[in-house]
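Computed from the coordinates by the stated procedures, all read-outs in this text should not be read as laboratory data. None of the values given here were measured: they were computed from a predicted structure. We place every Cβ from the backbone using ideal geometry, glycine too, and count neighbours over all the protein chains shown.
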Amino acid sequence: MPEILPADPVARQWNARATSVAEIESQLSRIWSAAAEEATEDGMSADAAADALGDPRVAGHLLASGHVRVRARTRVLTLVVVASRPETAERAVAVVETLAGRHPSRAILLAPGDPDGPSTLDARLSMTCTLRGDNLTETCAERILLHAGGELSRHLAGVVTPLLIHDLPVVLWWPDDPPIGTRQFRELVETCDELLVDTASFRDDGVARLTAMAAAVAAGVPAVRDVGWMRLEMWREQLAGLFDHPLLTAELPTIRSVRIDVLRPAHILRISKALGFAGWLASALDWEVAQPLEPKPGSESLAGAWTDGRHEVRLELRPVNPQGAAPLRAAGSLQRVELELGRGRHSVRARVSRQPDHLLATAEWDGAEIARRVGRRDRFEEAPYVTEALDRLGHDRIFEEAVRHAARLVPR
Amino acid sequence: MTVARARSTARLAAPRVVPPGRAPAGGRAASAARGAHANPLRTGLRLERVPEPNTIVVFGATGDLTHRKIVPALYNLRRVGLLPPETAIVGFARRSQTDDAFRGDLREAVATHSRVPIQDAIWQDVAAGVFYQQGDFGDPAAYTRLSERLEEIDVSRGTRGNRLFYLATPPSTTPEIIENLGKAGLDAEGRGRGWARVVVEKPFGSDLASAHQLNRDIARVFRESQVYRIDHYLGKETVRNLLVFRFGNGIFEPIWNRRYVDHVQITVSEALGVAGRGAFYEEAGASRDILQNHMLQLVSLVAMEPPIAFAADDLRNEKLRVLRAIDSDWTEERIARDVVRGQYGPGWSGGEEVPGYREEHEVAPDSTTETFVALKLEIQNWRWADVPFYLRVGKRLPKQATEISIQFKRPPLMLFRDTQSDPEANLLALRIQPDEGILLRFSAKVPGLGLDVRSVNMDFTYGSSFASDAPEAYETLLLDVMLGDASLFTRSDEVEAAWSIVTPINQTWAWWDAHGQAPELPNYAAGTWGPDKADHLVERDGRRWRRL
């Protein structure tokens, strides 16, 4: 997980407002000019100007005439965020602010308003330049918070396209339940190279959206990333860590059953994350679905099965009710994963469970504990995951395979 | 996480890996662990490259390197989950002290030198695996006791017989430590044991003969694949980026040759003097301290052919070919012409008046040790024939800077003859430190009615594109040793090839000194860019040093 550097107090901000796309572009230019002029007024030394311009004589000449305009303008991507609810917009703004240092970018936050009201566009622009690190390197990030109302809110792609930075990757982050399959969704996705969603925000049990996402992943364009999947990394790490033990590695082909306990604070059991985890196991261990999930008689669980070609591997997704501090976790969070292994002479049990402040992984061999690992739990905040997604643009083949396998578990 | 909770977590983390009725770390267990993809669940994980549990034995455990670099690096690897929880650290040194005292000592070291503030929970986790073993480097019995201790640790911590021996000791002790490790059987690998690797710090000898002897001493006990000669420069992010830059981009390789490149400059400049290391520097000088290792490594990375794979021996084979292609036929005339020896006198550096080298602590008042070297090298192969490589390295120069600059040839025809400014040739500069980054200089038209052309810089600075928390070189390198990846370490034949370039120069200088032919030293003032002769070296070819 990348570390996010704390905001440095040495920061400067410029703000503007605009009511049309053309005005947004001209205001951004104006902001950059203002920033550049300030860089000169700040007393840029002749040496610094010469370094920046590459020619000491020209720098000297321009400095004398007061014409030096220099401010580093490094941007690495355009981030488009669709925040369909005001609270999502607030959340997204907070995340975007933490990204500025690591990914100096243009962030366009789209907040669609009432589609039946008058057609309006209200954009709030800001640029923040911050000095960081020992060398006080300056990074600048632009943010455009765009409220679109009326008919315009149905054509957001048309607003976004002129504002994309040429040739740089475009990441579309849809923090809420994304309306996969709708025209609006399709048009916005066509503008981007990478789509970032969160399976944990998928509505209802998450299954319909997961299936739609699997189709999008299979299409291959754009690359899809999932915050929910990234939250599973520590779970995967803990389970994989147990099987680093040479005795347990050898037992991997003997897995008989997998049980995943899923937090269910309300009446609906959201299984999209658990499906992702199960899909990952199946793809890593080369299992194929023998029986899609269906309600398990006499319980609230869902049950299904894979086959490794010779043996059956049973799967159970079991709802558990929140206890203690657990309600703080989102519905559908994993609480415990338990694997039963061993055929014949011995029996092995490998388990990862959520503890109040860490994940605990243990393995037992005929009832005696042979491995125990403690790892930090998945982080609650969203920003580190978004940062990680931006760090690793492109396809995540492991995720894509996991989604493909997960979708096959869904009852037809 | 509260401290109390953290401690309980650390206790929980203590592994018990001995299953009922099984040997702790041998046989099938150890051999299974060495399988390349033994654990399919690891594939694709961010921590895919997690080393196997092991015991790191640090010789010279009470020394500066252990405190400033090695242990803070191990702590940070643990912090990000790259050091398995079973890992143990055993300090070996002459001083007598308890495990707890050693733990307290290392905690202080991490608190002082770690690049991020120490977190007690993580430190407790590391400290649970820290031990101290008192012993004299020359006492074979001490190694027997060490061996017994390591076997106990294998059982109690689950380190599976994997051992990393880190020699953070003065170079003179290396042969006896290696020899005694061998006598105690600590070099052995395979057949039910884990791996055994040894890390040796530079200097790797002081000339070709001593390097050859050192390599022979090491080879009597360890196979070359077990030996990791560490040069922390190679662990720096930008040095590694040099490989990505050259071989991960398609646009540079076609012009990376004698047809387009006019010459190459490499500068390693330090603003500091010898800073309390007078005695060491008197023996080494700039040629042994920097030129033979750091600079020649940079030359080989810049000039090498694309390796057939990004694997240790493929990389090192290509680097070695460059070193062997460097013209090492150093006649006296050529040394007098192409190599400049300098030593700083008193002067002003960074706004302070500073003494000359001969006035520094532990330096002889008539010392002829060089604090500056500039030289012109030729790489005699098809790619680089007739392209001079100018190298300069020095102390008490105006600023700290390490930079490689590739100067391209001028355009064949100057179309813009009426322009008042004279555009410079294109330049590609790779800055290693500070402000790691890459700069490309090209010509552009000055806005206006005239046709004035000026050079502008397109400057990629790591800091402003990735405000990330880059690992320390020692973290990268220690992780690589534990993973068995020797790509960034120097092989014995590379070391000897580099010495065969530098040793004839040192020998000629020594002969001149003994026969009253030494140059007049000091020959540059502290805070300047070295002797005038260094400028002449480049200017006589119609070029000049890049202004840094």
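A compact table of results
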quantity: Degrees between helix B:3-13 axis and first principal axis of chain B (Cα, 0 to 90, nearest 10); calculated: 70
quantity: J(HN,Hα) series, the stretch A:288-300, from Karplus relation 6.51 cos²θ - 1.76 cosθ + 1.60, nearest Hz, glycine and proline x; calculated: 10, 6, 9, 9, x, 5, 8, x, 8, x, x, 8, 9
quantity: Quarter of Cα convex hull surface for the protein assembly as shown, i.e. mean projection, nm²; calculated: 44.0
quantity: Label point distance in nm, B:GLU362-A:ARG203, each placed 7 Å from Cα along Cα→Cβ; calculated: 7.4
quantity: Å³ per residue enclosed by the Cα convex hull of the stretch B:238-313; calculated: 136
quantity: Share antiparallel - DSSP beta bridges, chain B, percent rounded to 5; calculated: 60
quantity: Qualifying GluC sites (Glu not before Pro) for the stretch A:357-401 [loop in DSSP, other Cβ within 10 Å: at most 14]; calculated: A:GLU381
quantity: Order of B:TYR390, B:TYR233 - criterion: other Cβ atoms within 10 Å of each residue's Cβ, fewest first; calculated: B:TYR233, B:TYR390
quantity: With Cα atoms, 0 to 90° folded angle of helix B:473-483 axis to chain B main axis; calculated: 50
quantity: For chain B: relative contact order, % (alpha-carbon pairs under 8 angstrom, 6 or more apart); calculated: 16
quantity: Kirkwood hydrodynamic radius of the stretch B:495-548, from inverse mean 1/r over distinct Cα pairs, in Å; calculated: 13.6
quantity: Mean ellipticity per residue at 222 nm, deg cm²/dmol - from DSSP H runs of n ≥ 4 across chain B, formula -39500 (n - 2.57); calculated: -10000 deg cm²/dmol
quantity: Estimated translational D of the stretch B:50-194 in µm²/s (Stokes, Kirkwood radius over Cα pairs; 37 °C; 0.692 mPa s); calculated: 214
quantity: Degrees between helix B:237-247 axis and first principal axis of chain B (Cα, 0 to 90, nearest 10); calculated: 70
quantity: Filtered GluC sites (Glu not before Pro), the stretch B:270-314: DSSP coil and at most 13 other beta carbons within 10 Å; calculated: none
quantity: Sorted by Cβ density within 10 Å, fewest first, the residues B:SER287, A:SER301; calculated: A:SER301, B:SER287
quantity: Gyration tensor (alpha-carbon) shape descriptor, the stretch A:192-300, a/c threshold 1.5; calculated: oblate
quantity: For peptides B:76-82, B:96-102, sequence by mean Cβ density within 10 Å, most packed first; calculated: B:76-82, B:96-102
quantity: Taking the convex hull of Cα positions in the stretch B:146-268, its mean projected area over all directions (nm²); calculated: 11.7
quantity: Rounded to 5, the percent of DSSP beta bridges in the protein assembly as shown classed as antiparallel; calculated: 60
quantity: Column: log10 I(q)/I(0), Debye, Cα scatterers of the stretch B:290-329, q = 0.23 Å⁻¹; calculated: -0.71
quantity: Calculated P(r) tail over 37 Å for chain B, as whole % of Cα pairs; calculated: 38
quantity: Compactness of the stretch A:231-375 - radius of gyration and Dmax, Cα, Å; calculated: 14.9, 42
quantity: Amide proton proximity set for B:GLN380, modelled H, under 5 Å, gap of 5+; calculated: B:ILE326, B:ASP327
quantity: Spatial separation of Cα centroids for the stretch A:350-412 and the stretch B:261-304, in angstrom; calculated: 46
quantity: Charge sum, other residues only, whose C-beta stays under 9 Å from A:ALA350's C-beta, Lys/Arg counted +1 and Asp/Glu -1; calculated: -2
quantity: For the protein assembly as shown: lysine pairs under 21 Å (alpha-carbon distance), excluding those fewer than 8 apart on one chain; calculated: 16
quantity: Residue order, fewest to most surrounding Cβ atoms within 10 angstrom, among A:THR249, B:THR503; calculated: A:THR249, B:THR503
quantity: Loop chymotrypsin sites (Phe, Trp or Tyr not before Pro), the stretch A:309-392 (other Cβ atoms within 10 Å of the site Cβ: 14 or fewer; DSSP); calculated: A:PHE380
